[in-house]
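Visitor: I am attaching a structure below and will ask some questions about it afterwards.
The values are calculated or read from the model by the stated rules, or taken from the named source; none is laboratory data. Because the structure is predicted, anything quoted here is derived from the model rather than measured. Note that we place each Cβ from the backbone using ideal geometry, even for glycine, and neighbour counts take in every protein chain shown. Only protein heavy atoms, including side chains, enter the accessible area calculation; ligands, DNA and RNA are left aside. Shrake-Rupley method; radii C 1.70, N 1.55, O 1.52, S 1.80 Å.
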Amino acid sequence: MLSESQSVVSDVSVPPLTRPQLAEARRMRAVELFEQGRPHAQIAGMLGVSPESVRRWKRQWEQGGAPALRRSPATGRPPKLDDAQVEKVRAALEQGAQAHGFEADLWTLERVGLVVERVSGVKLARVSVWRLLTGRLGWSLQRPQRRAVERDESEIARWIAHEWPRIKRGR
């Protein structure tokens, strides 16, 4: 048993709620308050919303119950790749570009698009490849540093330590 000075810390992090999730939670709290018979103005004050919103929510609740105030699913065209295909693409990309026959181990949108097409059979436009990488896979833009192959770090350090002070002194 824990004493008052002890506490339990969980290493499971809970992501913060998104704005749509917070709005839905606010509407569900309003449903609880409707059921208690609270006045609109009091509910609005408790939830930090306008009385007009509370009246609109109450009409929706009276017509369709609590499900009428739940979030509606996103509209629009469904994604071309389902979750299983995205995971196959992720696994393929993690193998590296050279594993897919490219000369350098560097990913470009065109190369990723070719791998997506090979793995899933779905051809994506460049912008869709970008959305796949950044949105669904969580990747970010990385640019390689441009350095000469012949660069010699030890020679640079020697020059800075010995030659530069001599030149700076004017000798």
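Visitor: Under 7 Å between Cβ atoms, at least 6 apart or on separate chains: pull out the pairs that start in the range 131-144 with a residue that is over 13 Å from LEU93 (Cα atoms) and end on any residue that is open to solvent by 60 Å² or more (accessible area, probe 1.4 Å) and not in a helix (DSSP H, G or I).
Guide: Going by the 7 Å Cβ cut-off, the qualifying pairs are THR134/SER140; PRO144/LEU106.
Visitor: I've got another one for you. Could you tell me which of the residues LEU124, LEU132 is touching a Leu at 6+ places or on another chain (Cβ under 9 Å) and not in a loop (DSSP other than H, G, I, E, B)?
Guide: From the options LEU124, LEU132, the qualifying one is LEU132.
Visitor: Quick check on the range 17-30. Is at least one of its residues open to solvent by less than 50 Å² (accessible area, probe 1.4 Å), in contact with an Asp or Glu (Cβ under 9 Å, 6 or more places away or on another chain), outside any loop (DSSP other than H, G, I, E, B) and modelled with pLDDT of 90 or more?
Guide: no
Visitor: Just need a number here: residues in the range 43-58 that are within 15 Å of LEU69 (Cβ to Cβ) and not in a helix (DSSP H, G or I).
Guide: Matching residues across the range 43-58 total 1.
Visitor: Find all pairs meeting these conditions: Cβ atoms under 8 angstrom apart; at least six residues apart or on different chains; first residue within the range 106-120 and in a loop (DSSP other than H, G, I, E, B); second residue open to solvent by less than 50 Å² (accessible area, probe 1.4 Å).
Guide: As it stands, the answer is LEU106/ALA97; TRP107/LEU93; TRP107/ALA97, since those pairs meet every condition given.
Visitor: Could you tell me whether the range 65-81 includes any residue that is open to solvent by less than 80 Å² (accessible area, probe 1.4 Å) and closer than 30 Å to ARG126 by Cα?
Guide: Within the range 65-81, one or more residues are open to solvent by less than 80 Å² (accessible area, probe 1.4 Å) and closer than 30 Å to ARG126 by Cα.
Visitor: I've got another one for you. What number of residues within the range 85-105 satisfy the criterion of being open to solvent by less than 90 Å² (accessible area, probe 1.4 Å) and either aliphatic (A, V, I, L, M) or assigned to a helix (DSSP H, G or I) (or both)?
Guide: Number of matching residues: 11.
Visitor: To continue, here is another question. Mind listing whichever residues of the range 121-171 are modelled with pLDDT of 90 or more, of a type in the set (Lys, Arg) and open to solvent by 100 Å² or more (accessible area, probe 1.4 Å)?
Guide: LYS123, ARG126, ARG131
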